[in-house]
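Remarks on the structure that follows.
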Amino acid sequence: MDHELRATPVHRSLLEIKTIGGVEDKLAIMNGTFAVAIVMGLTLWLYLPVAIALHVILARATRRDPFTRRIYMRYNTQADRYDPWPHARQRRNRRPEGFGRGALC
């Protein structure tokens with residue numbers, strides 16, 4: 001009896017992050033919301049090119065590494081060491097030694 005490896009086709013969109021104009025959806029929505037609020041609310045039409053330039057910068061960053069925001073968010077919440085029990089004097093969001101503790105991000 002011939003045993004073949006089973007393969008299940010997975011659509012590419014299930015593996016990639018959602019993007020809007022080449023930028024991760026949460027960052028694009030945040031950029032668009034700020035742009036609309038500043039342009040329409042404060043009538044600062046000169047912010048529109050700034051928002052477009054920011055979108056292009058975010059698109060380049062997303063193209064280089066699509067998971068940049070997720071990696072940064074996980075990196076930001078790392079503790080010094082893993083301890084499963086909470087403590088009263090526990091410091092939150094301190095990076096471990098060697099991971100840029102004390103460096104400005």
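The values are calculated or read from the model by the stated rules, or taken from the named source; none is laboratory data. All of these numbers come straight from a predicted model, not from anything done at the bench. Positions of Cβ are backbone-derived with ideal geometry, glycine not excepted, and every protein chain shown enters the neighbour counts.
Would you be able to tell me the number of residues in the stretch 49-67 that are more than 20 Å from I38 (Cβ to Cβ) and either touching a Pro at 6+ places or on another chain (Cβ under 6 Å) or without any contact (Cβ under 8 Å) to a residue 24 or more places away in the chain (or both)?
Matching residues across the stretch 49-67 total 4.
Out of I17, I57, I29, report the one residue that is within 23 Å of R70 (Cβ to Cβ), aliphatic (A, V, I, L, M) and not in a helix (DSSP H, G or I).
Step by step, each of I17, I57, I29 is checked, and only I17 is within 23 Å of R70 (Cβ to Cβ), aliphatic (A, V, I, L, M) and not in a helix (DSSP H, G or I).
Go through the stretch 1-35 residue by residue and tally those that are out of contact with any helix residue (DSSP H, G or I) (no Cβ under 9 Å at 6 or more places or on another chain) and modelled with pLDDT of 95 or more.
At the first step, the residues of the stretch 1-35 found to be out of contact with any helix residue (DSSP H, G or I) (no Cβ under 9 Å at 6 or more places or on another chain) are 1-16, 25, 29-30, 33.
Okay, now just the ones that are also modelled with pLDDT of 95 or more, so 29-30, 33.
Matching residues across the stretch 1-35 total 3.
State all residues of the stretch 23-50 that are surrounded by fewer than 16 Cβ atoms within 10 Å (Cβ to Cβ) and small (G, A, S); if no residue qualifies, say none.
Scanning the stretch 23-50 gives G32, A37, G41.
Would it be correct to say that Y82 is closer than 27 Å to E24 by Cα, modelled with pLDDT under 90 and out of contact with any helix residue (DSSP H, G or I) (no Cβ under 8 Å at 6 or more places or on another chain)?
Working: closer than 27 Å to E24 by Cα: no; modelled with pLDDT under 90: yes; out of contact with any helix residue (DSSP H, G or I) (no Cβ under 8 Å at 6 or more places or on another chain): yes.
Against the criterion (closer than 27 Å to E24 by Cα, modelled with pLDDT under 90 and out of contact with any helix residue (DSSP H, G or I) (no Cβ under 8 Å at 6 or more places or on another chain)), Y82 does not qualify.
This table checks each residue for (1) among the aliphatic types (A, V, I, L, M); (2) touching a strand residue (DSSP E or B) at 6+ places or on another chain (Cβ under 6 Å).
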residue	(1), (2)
F34	no, no
M40	yes, no
L44	yes, no
L48	yes, no
A53	yes, no
L58	yes, yes
T62	no, yes
R70	no, no
